[in-house]
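Visitor: Mind looking over this structure? Questions follow.
Any read-out appearing in this document is the output of simple, stated calculations on the displayed coordinates, not a laboratory observation. None of these values were measured; they are calculated from a predicted model. For neighbour counting, all protein chains shown are included, and Cβ atoms are generated from backbone atoms with ideal geometry for every residue, glycine included.
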Amino acid sequence: MDLFHEIELFDCPICQGPGLMQEENGWCLYVECLDCGARTAELRYNNEAEREAAARHTASTWNVGKVITSGTGD
């Protein structure tokens, strides 16, 4: 089972585009919008158990709308 397919990601809180879980060379995870580039902060992990926890936490952060974007603010 692929962990990333088990975790539900909502649409982007900025543009409603699709979010995709990304992994950086086996040390951190983040979610990024494929349309506007909004993303969560990177979450570091050191082993497989931490990787699963990081993936679930990163998805939760994305799903509540805590993202970084380079767009103009309100």
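Visitor: Within the stretch 1-27, which residues are of a type in the set (Asp, Glu) and outside any loop (DSSP other than H, G, I, E, B)? Step through it out loud before you land on a result.
Guide: Residues of the stretch 1-27 of a type in the set (Asp, Glu): 2, 6, 8, 11, 23-24.
The answer is Glu6, Glu23, Glu24.
Visitor: Also: Within the stretch 43-65, can one find any residue that is touching a strand residue (DSSP E or B) at 6+ places or on another chain (Cβ under 9 Å), among the aromatic types (Phe, Trp, Tyr) and touching a residue at least 24 places away in the same chain (Cβ under 8 Å)?
Guide: Checked against the condition, which is being touching a strand residue (DSSP E or B) at 6+ places or on another chain (Cβ under 9 Å), among the aromatic types (Phe, Trp, Tyr) and touching a residue at least 24 places away in the same chain (Cβ under 8 Å), the stretch 43-65 yields at least one hit.
Visitor: Please go through the stretch 28-62 and give me each residue that is surrounded by 15 or more Cβ atoms within 10 Å (Cβ to Cβ) and part of a strand (DSSP E or B), ordered by number.
Guide: Once the filter is applied, which keeps residues that are surrounded by 15 or more Cβ atoms within 10 Å (Cβ to Cβ) and part of a strand (DSSP E or B), the stretch 28-62 yields Cys28, Leu29, Tyr30, Val31, Glu32, Cys33, Arg39, Leu43.
Visitor: Taking interchain pairs and intrachain pairs at least six residues apart, which have beta carbon atoms under 8 angstrom, with the first residue in the stretch 8-19 and surrounded by 14 or more Cβ atoms within 10 Å (Cβ to Cβ) and the second hydroxyl-bearing (Ser, Thr, Tyr)?
Guide: Ile14/Thr69
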